[in-house]
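Below is one structure, written out as structure tokens; comments come after it.
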Amino acid sequence: QVQLVESGGGLVQAGGSLRLSCAASGRILSINVMGWYRQPPGLQRELVAVIDSGGSTDYADSVKGRFTISRDNAKNTVYLQMNSLKPEDTAVYYCNADIRRVGVSGSNKYWGRGTQVTVSS
């Protein structure tokens, strides 16, 4: 089985920074796109940033210039550096990855359980 485990969430004041990590484990053959999504209180889950295996990235307009997504392919890990945090960034942040498993044809999308980020004003 495959697991995604997020870490790095917490409480921070507006203007501060946090770095999220998400490590994938299991019988992994390869990982294509990895990404971060978030779900603010009472709202739907939304895309924050994605990165493919070659390092190409895409960001939601609301986080461009403040957040940076990166990955370490050798460690099957994706990161999200969040700077200049705002109260509206408060949400549960989820990791997502498109993974090919050893001995299994095709790929599947997997989700982590999420990590809470709270930004106080």
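The values are calculated or read from the model by the stated rules, or taken from the named source; none is laboratory data. Bear in mind the structure is a predicted one, so any value in this text is a computation, not a measurement. Neighbour counts are summed over all protein chains in view; Cβ atoms, including those assigned to glycine, are modelled from backbone coordinates with ideal geometry. When the accessible area is computed, the model is the full protein with side chains, heavy atoms only, and any ligands, DNA or RNA have been set aside. Shrake-Rupley method; radii C 1.70, N 1.55, O 1.52, S 1.80 Å.
Could you grab me the full set of residues in region 63-85 that are surrounded by fewer than 14 Cβ atoms within 10 Å (Cβ to Cβ) and either touching an Asp or Glu at 6+ places or on another chain (Cβ under 6 Å) or touching a residue at least 24 places away in the same chain (Cβ under 8 Å) (or both)? Break it down into steps so the answer makes sense when it comes.
The initial filter retains those residues of region 63-85 that are surrounded by fewer than 14 Cβ atoms within 10 Å (Cβ to Cβ), namely 64-65, 72-75, 84.
Scanning region 63-85 gives 73, 75, 84.
Only one of 32, 108, 83, 76 is at positive phi and either touching a helix residue (DSSP H, G or I) at 6+ places or on another chain (Cβ under 8 Å) or not small (Gly, Ala, Ser) (or both). Can you tell me which? I'd like the intermediate steps shown before the answer.
Working: 32 fails: at positive phi; 108 fails: at positive phi; 83 fails: at positive phi.
One residue alone meets the criteria, 76.
Limited to region 1-17, what total is found for residues that are in a strand (DSSP E or B) and either open to solvent by 30 Å² or more (accessible area, probe 1.4 Å) or touching a Pro at 6+ places or on another chain (Cβ under 7 Å) (or both)? Before the answer, list the steps.
First, pick out the residues of region 1-17 that are in a strand (DSSP E or B): 3-7, 10-13.
Restricting the remaining residues to those that are either open to solvent by 30 Å² or more (accessible area, probe 1.4 Å) or touching a Pro at 6+ places or on another chain (Cβ under 7 Å) (or both) gives 3, 5, 7, 11, 13.
Selection size over region 1-17: 5.
Mind checking which strands (runs of 3 or more DSSP E) fall wholly inside region 29-119 and carry at least 3 residues that are over 12 Å from the mean Cα position of the chain (by Cα)?
On the way: elements: 46-51, 57-59, 67-72, 77-82, 91-101, 108-111.
Answer list for region 29-119: 91-101.
Please verify whether residue 56 is out of contact with any strand residue (DSSP E or B) (no Cβ under 8 Å at 6 or more places or on another chain) and closer than 25 Å to residue 119 by Cα, treating the condition exactly as stated. Write out each step before concluding.
Details: out of contact with any strand residue (DSSP E or B) (no Cβ under 8 Å at 6 or more places or on another chain): yes; closer than 25 Å to residue 119 by Cα: no.
No.
Looking at (1) open to solvent by less than 70 Å² (accessible area, probe 1.4 Å); (2) out of contact with any Leu (no Cβ under 9 Å at 6 or more places or on another chain); (3) over 15 Å from residue 98 (Cβ atoms), find the lone condition where residue 31 falls short.
Answer for residue 31: the failing condition is (3).
Which condition breaks for residue 22 when tested against (1) assigned to a loop (DSSP other than H, G, I, E, B); (2) in contact with a strand residue (DSSP E or B) (Cβ under 8 Å, 6 or more places away or on another chain); (3) not small (Gly, Ala, Ser)?
If we test residue 22 against (1) assigned to a loop (DSSP other than H, G, I, E, B); (2) in contact with a strand residue (DSSP E or B) (Cβ under 8 Å, 6 or more places away or on another chain); (3) not small (Gly, Ala, Ser), just (1) comes out false.
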